1. Just the ratio, please: alpha-carbon radius of gyration of the range A:1-109 over 2.2 N^0.38 Å, N its number of residues.
2. Rounding to the nearest 20 debye, state how big the charge dipole of the range B:68-177 is about its Cα centre with +1 on each Lys and Arg Cβ and -1 on each Asp and Glu Cβ.
3. What is the sum of charges, Lys and Arg at +1 and Asp and Glu at -1, for the other residues whose Cβ falls under 13 Å from the Cβ of B:VAL223?
4. Rank A:ILE62, A:ILE104, A:ALA75 by how far each Cα sits towards the positive end of the charge dipole of the range A:43-106 (+1 on Lys, Arg Cβ; -1 on Asp, Glu Cβ) and give me just the farthest.
5. Residues with amide H under 5 Å of B:ASP105's amide H, sequence separation 5 or more or different chain, H placed in the peptide plane at 1.01 Å from N; which?
6. What's the average, rounded to a whole number, of partner chain beta-carbon atoms within 10 Å of each residue's beta-carbon in A:94-100?
7. Suppose we keep just the DSSP beta bridges with both residues in chain A; what percent of those would be antiparallel, to 5?
8. Note down the magnitude of the dipole of the range A:233-291 about its Cα centre, charges +1 on Lys and Arg C-beta and -1 on Asp and Glu C-beta and zero elsewhere, to the nearest 20 debye.
Amino acid sequence: MTGNVSGFDCPLAIEARGLVKRFEGTTAVGGVDLSVPQGSVYGILGPNGAGKTTTLRMLLGIIEPDSGYRRILGAERPHDVAHAIGYLPEERGLYPSMKATEAIAFLGALRGLPLKEGRRRAHELLERHGLGYAADRQIRQLSKGMAQQVQILGTLVHRPRLVIFDEPFSGLDALNQGKLEAMMRGLAEDGTTVIFSTHVIAHAERLCDEVAIIAGGRVPFAGPVDVARDRIPAQVRLETQADEGLWRAALPTDSRREGRYWHFALPEGGIEPLLRALIAGEAGILSLSIERAGLHDAFVAIAGEAAARALEAEKPEEPRR
Amino acid sequence: MNFDLSAPGHRGRLSMLAAAWVVARRDFTAILFSRTFFFFLLGPLFPVIVGLLAGSVGQRVDQSGEAPAIGVVMAEADAKAMVRARDALADRLGGGLPDMHVVKDLTPAEQADPGEVLASRKGAFAGVLSGSPAAPVLTGPGPLIKDWRGDVELIAAEVRDGSLAFWPQVKLAKTSVAAPGDSRSRLRTAQGAQTLLFLLTMMLAGMVLSNLVEEKGNKIIEVLAAAIPMESVFFGKLFAMLGVSLVGIAVWGSVGGAIYLSAGSLVALPEPAVGWPMLVGLGVIYFAMAYLLLGSVFLAIGSLANTVREVQTLSMPVTMMQLMLFFFATYAMTQPGSAVEMLAVVLPFSSPFAMLARAAQEPAIWPHVAALGWQVMWVVLLVRGGSMLFRRRAMKSGPQGAGRKWWRRVVSEG
């Protein structure tokens with residue numbers, strides 16, 4: 001990949017420090033710090049109203065922060081590098097009377113791509129994504145999901161180096177969600193930085209190299225997904241034949257029992273000393289598994305129960321036509 | 001997928017004007033090939049029909065109430081005799097004679113300059129009669145006094161003895177400066193131009209407003225705001241609608257021109273002070289300025305409103321204000337050179353109307369250059385202000401603050 005965008009050599013696609021935005025006395029974002037490495041897939045995870053969209057809008061220059069600092073692709077003014085950015089807002093929008101090809105070309109033109117080239121690429125993209133038959137249809141004639149796909153293609157038509165998606169999976173059926181995930185992975189493989197916000201942890205867990213967990217307008221955690229998971233020790237599930245014995249003394253004090261299973265956090269000293277004690281005490285090990293904490297558990301631990309409940313309450317939208 | 005930004009065809013960062021052009025081009029073609037444009041073309045038919053109906057009534061009023069008059073500047077006895085003779089003849093002939101009023105009774109030693117009288121009596125007289133009944137002198141604009149020559153000779157003969165034995169020859173003194181009668185005609189030209197300007201401006205500013213609200217409804221505005229500066233979006237929208245309106249004006253102008261040419265001399269329009277070509281040119285420019293000024297305010301309103309109801313609530317005060325400023329400019333037009341006219345010229349929203357009226361009345365060009373510079377400055381300021389307002393108020397997400405809830409309640413409950 002080559003390019004002449006300022007900050008091309010900058011290791012961070014986005015750097016933000018202390019971003020604050022208040023609306024009429026209500027703090028929407030209260031000091032967000034972000035460091036998004038170039039070429040990564042980065043998730044901004046949080047419940048609705050947490051400040052995800054406001055943060056993205058500040059990063060893109062749609063609204064100005066009240067205080068704080070941001071640098072996007074090395075530029076302090078986001079519009080200076082707008083031609084290298086693609087953006088899919090949460091509230092999708094296209095001109096209903098435009099044909100699909102024209103809509104994609106227009107979105108490219110807004111980012112500096114000549115219309116003629118935009119139309120050529122639009123045809124190519126539509127064909128490649130199985131929407132060639134809709135090229136000359138007006139947006140109002142397409143289903144909501146198809147229109148959304150057209151807008152996603154319009155977000156990418158100018159071949160941006162940084163793509164920002166705000167809740168990209170909402171409104172897509174399971175099949176198209178899978179396609180979008182594959183597309184995002186493809187973009188990252190080609191060196192494009194992909195940032196997306198979501199309230200669905202599973203998407204972030206599957207896709208992201210790094211995440212920022214946002215709750216109440218603040219970012220209590222930002223970093224690699226593995227580091228987030230490591231905030232919680234791995235969980236051990238032990239199944240024994242014997243119910244009682246000396247071996248019980250070797251179990252951590254906070255172990256809880258569910259039937260024949262014991263659940264406890266992996267001891268700091270590792271599993272080997274425990275295994276030796278269990279065997280020596282004739283516990284009769286039937287099964288033992290060590291499960292690394294999921295992002296959901298990490299989210300609960302980091303953002304707190306309240307944020308987790310809010311996230312749980314937001315069921316992913318039903319696929320819409 | 002290749003993500004090389006230096007790939008052929010990519011222009012890189014768009015300048016503010018290039019970005020505005022992208023928006024303008026989209027809006028222009030979208031509107032031009034829509035049903036909206038068809039109705040836009042038909043729109044002016046209604047005011048024209050109403051105007052024609054009102055005009056025919058007005059013309060009758062005008063003919064009866066505002067017949068051109070001749071001012072008489074003669075010795076007291078001669079002046080009274082002329083007026084008496086005119087009235088007596090008018091009774092017998094049943095009208096058709098020009099009205100006559102005594103302007104000044106001269107003492108035997110006094111001399112009067114009819115040209116000065118003509119110029120000083122603002123619009124009161126179309127010509128001035130001086131000299132004596134035996135040797136009358138009629139001063140005024142060429143074509144008019146030529147038409148009155150016979151009438152005045154008849155009245156002067158009546159003063160003598162009413163016989164054909166002594167028939168006084170009227171001497172004609174053509175004025176080089178515009179006569180007050182011309183000023184009155186020009187006032188009408190200015191009024192007509194102002195009204196046309198106002199109707200067009202209001203119609204278009206309303207269209208640009210609904211265009212932006214529709215765009216917010218389509219949720220496309222965030223895509224635009226993320227890609228290009230908001231000023232470019234506003235300028236693009238304003239100029240697209242201006243382009244559409246110029247196409248409309250070209251169509252209406254062609255139709256109007258064809259009607260005028262086919263009607264020939266049936267429609268006599270008074271010549272404006274700067275001449276017709278210049279007035280038409282200035283008319284187009286002032287129309288553009290009036291529209292850009294009002295349109296930029298309406299765009300700011302559109303950025304605050306989310307529904308048609310909100311738009312109506314918010315735009316009503318602006319429309320009322322614009323109407324008042326239009327009336328103010330119309331009033332100011334009748335007082336050329338006064339402080340009132342100056343104020344109308346300086347106030348940005350009445351400036352295009354006041355200046356167009358001035359173009360119909362005064363031949364000087366430089367004030368128009370200065371006024372246009374002033375108006376352009378205001379357009380830029382308003383667009384910048386509107387885009388700032390948009391960034392501050394329009395792009396909010398998440399829960400509403402108390403102020404926002406209050407605002408919503410105010411505009412939705414009207």
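We did not get these values from a lab; they are worked out from the coordinates using the rules stated. Quick caveat, the model's predicted, so the values are computed rather than measured. FYI the Cβ positions are ideal-geometry reconstructions off the backbone, even for glycines, and counts take in every protein chain you see.
1. Cα-based Rg divided by the globular estimate yields 1.18.
2. Computed charge dipole of the range B:68-177: roughly 240 debye.
3. With Lys, Arg at +1 and Asp, Glu at -1, the net is +1.
4. So the residue we want is A:ILE104.
5. Amide H neighbours of B:ASP105, under 5 Å, 5+ apart: none.
6. Neighbouring Cβ atoms belonging to other protein chains average 3 per residue here.
7. For chain A, the DSSP antiparallel bridge percentage is about 65.
8. I would put it at about 40 debye.
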